[in-house]
Amino acid sequence: MEFIIPFNKPYLTGQETNYINQAVESGKISGNGIFTKKCQSFFEDKYGFKKCLLTTSCTDALEMAAILSNIKEGDEIIIPSYTFVSTALAFIRQGAKIVFIDSEADTPNIDVSQIESLITAKTKAIVPVHYAGVACDMDSIMDLANKYNLLVIEDAAQAIDSFYKGKPLGSIGHMAAFSFHETKNIISGEGGLLVINDERFIDRAEIIWEKGTNRASFFRGEINKYGWVDTGSSFLPSEIIAAFLWAQLENLDLIQIRRKKISEIYFKGLDGLAKKNSIKLFCVPDYATNNGHMFYIETKNISERTALLSYFKANNILAVFHYLSLHKSSFYEQNYPHYANKHLPNSDRYSDTLIRLPLYYDLSNEEVNFIIEKINVFYNSQI
Ligand SMILES: *Cc1c(COP(=O)(O)O)cnc(C)c1O
């Protein structure tokens, strides 16, 4: 076969450049303009998020959350080891120690049964990551947070338009961070969103967002001059990015329908292999939903995964593995040796066995079926 099925292909709705032109022609292309406000209101209205601020990435949104949480030298933050570097990095930059926790047996999400044993007098926050857009068990996490007076910051980078017991992900923790990186469901190249659900943090968030100044409240006419009042950075994206994002948000439902459909075809087509225990399909607990962000399978071990990935490549299918356990990273082992020698078997298993299959809006049913067929051939020709 001559064509290549890439792992990801950014979807364009067709309106992106029109809105970018509008922003350019309006003469206002720096941040916090009309498109930024449209995007922020969209999320506040659709998902009931209390306050939304666009950022230049999810990493930035997590950094803002770490600053707002007043994380200081020596504080401890509980984070899954099976996640992207940014989840930890945002807190490391504030001087925190990361206490890595294992994933569940059935999903790469945080194993809530292990949280309580990791809480100490220094623990400040828990950062659950909704892997593949599948919700963590948020009731248990929020109960522990309330019991020990901890903050919960949802890493919802992959979790747009996904739900826990009917509640939108991103609306449950004190704060949440989303990503619009080109590999996510809704994109702006690079981009992110900080959600603030706890009102105590709202005023300060706007200040940190705009270089430590009270500029936002000045432009609302609440004060008659603005100045330097706090720490911060330039976390806000330009209107050019927000204009692009707006085109995507207008098509959110369409994008979600297609991505979920692809996921459904994968589930049906691979069910036979899962029943025979050749592979493991990903698990969506009763309290969670599948938002069509990712479709992954698990192989038995790393050598089988390597063989399957080579087989994909030989058939022009670009599938990929995902995270390496962060507690075993060279950065962490060098800088935090006495925290690093932990045994987190589920995290290591996902590092070794998980494969993400191509999933993007323009992937045709034919291509999905071709991938399914190849996986079936791979396993049925083994033994
Ligand atoms: C993509 C991703 C991030 C980082 O998002 P950026 O927008 O690229 O900064 C963080 N955490 C998780 C779980 C992600 O999937």
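The values are calculated or read from the model by the stated rules, or taken from the named source; none is laboratory data. Treat the numbers as computed from the prediction; the structure is a model and nothing was measured. Counting neighbours? That spans all protein chains shown, and the Cβs are built from the backbone with ideal geometry, glycine included.
Just a few scattered comments:
- Tally, over the range 187-234, of residues that are β-branched (Val, Ile, Thr), out of contact with any strand residue (DSSP E or B) (no Cβ under 7 Å at 6 or more places or on another chain) and surrounded by 16 or more Cβ atoms within 10 Å (Cβ to Cβ): 2
- Among residues of the range 159-186, those that are farther than 29 Å from residue 240 by Cα, touching a strand residue (DSSP E or B) at 6+ places or on another chain (Cβ under 8 Å) and either within 12 Å of the ligand (Cβ to nearest atom) or not in a loop (DSSP other than H, G, I, E, B) (or both), counted: 2
- Test for residue 25: is it of a type outside the set (Gly, Ala, Ser) and either touching a residue at least 60 places away in the same chain (Cβ under 8 Å) or in contact with a helix residue (DSSP H, G or I) (Cβ under 8 Å, 6 or more places away or on another chain) (or both): no
- Residues of the range 361-383 that are over 16 Å from residue 259 (Cβ atoms) and among the aromatic types (Phe, Trp, Tyr): 370, 378, 379.
- Filter pass, residue 26 being in contact with a strand residue (DSSP E or B) (Cβ under 6 Å, 6 or more places away or on another chain), over 28 Å from residue 199 (Cα atoms) and of a type in the set (Gly, Ala, Ser): no
- Per-region count, the range 190-214, residues over 16 Å from residue 67 (Cα atoms) and without any contact (Cβ under 8 Å) to a residue 60 or more places away in the chain: 1
- Checked against the criterion of being within 17 Å of residue 155 (Cα to Cα) and either touching a strand residue (DSSP E or B) at 6+ places or on another chain (Cβ under 8 Å) or not assigned by TED's automatic domain parsing to the domain that holds residue 355 (or both), the range 32-48 contains one or more residues that satisfy it.
- Only a single criterion out of (1) over 28 Å from residue 254 (Cβ atoms); (2) away from the ligand (no atom under 16 Å from the Cβ) is not satisfied by residue 152, namely (2).
- Subset of the range 187-199 that is away from the ligand (no atom under 16 Å from the Cβ) and touching a Leu at 6+ places or on another chain (Cβ under 9 Å) - its residue that is farthest from residue 43 (Cα to Cα): 198
- Only one of 370, 312 that is closer than 30 Å to residue 102 by Cα and either surrounded by fewer than 20 Cβ atoms within 10 Å (Cβ to Cβ) or outside the structural domain of residue 106 (by TED's automatic domain parsing) (or both): 312
- Checking the range 324-337 against the condition returns a match, with at least one residue being assigned to a loop (DSSP other than H, G, I, E, B), under 17 Å from residue 105 (Cα atoms) and not small (Gly, Ala, Ser).
- Which listed residue is more than 16 Å from the ligand (Cβ to nearest atom) and not aliphatic (A, V, I, L, M), from 41, 86: 41
- The residues of the range 46-73 that are in a loop (DSSP other than H, G, I, E, B) and farther than 20 Å from residue 189 by Cβ, listed by number, are 48, 49, 50, 69, 70, 71, 72, 73.
- Search result, residues across the range 66-83 that are within 15 Å of residue 230 (Cα to Cα) and either within 12 Å of the ligand (Cβ to nearest atom) or small (Gly, Ala, Ser) (or both): 66, 69
- Test result for residue 132, surrounded by 20 or more Cβ atoms within 10 Å (Cβ to Cβ), within 11 Å of the ligand (Cβ to nearest atom), touching a residue at least 40 places away in the same chain (Cβ under 8 Å) and assigned to a helix (DSSP H, G or I): yes
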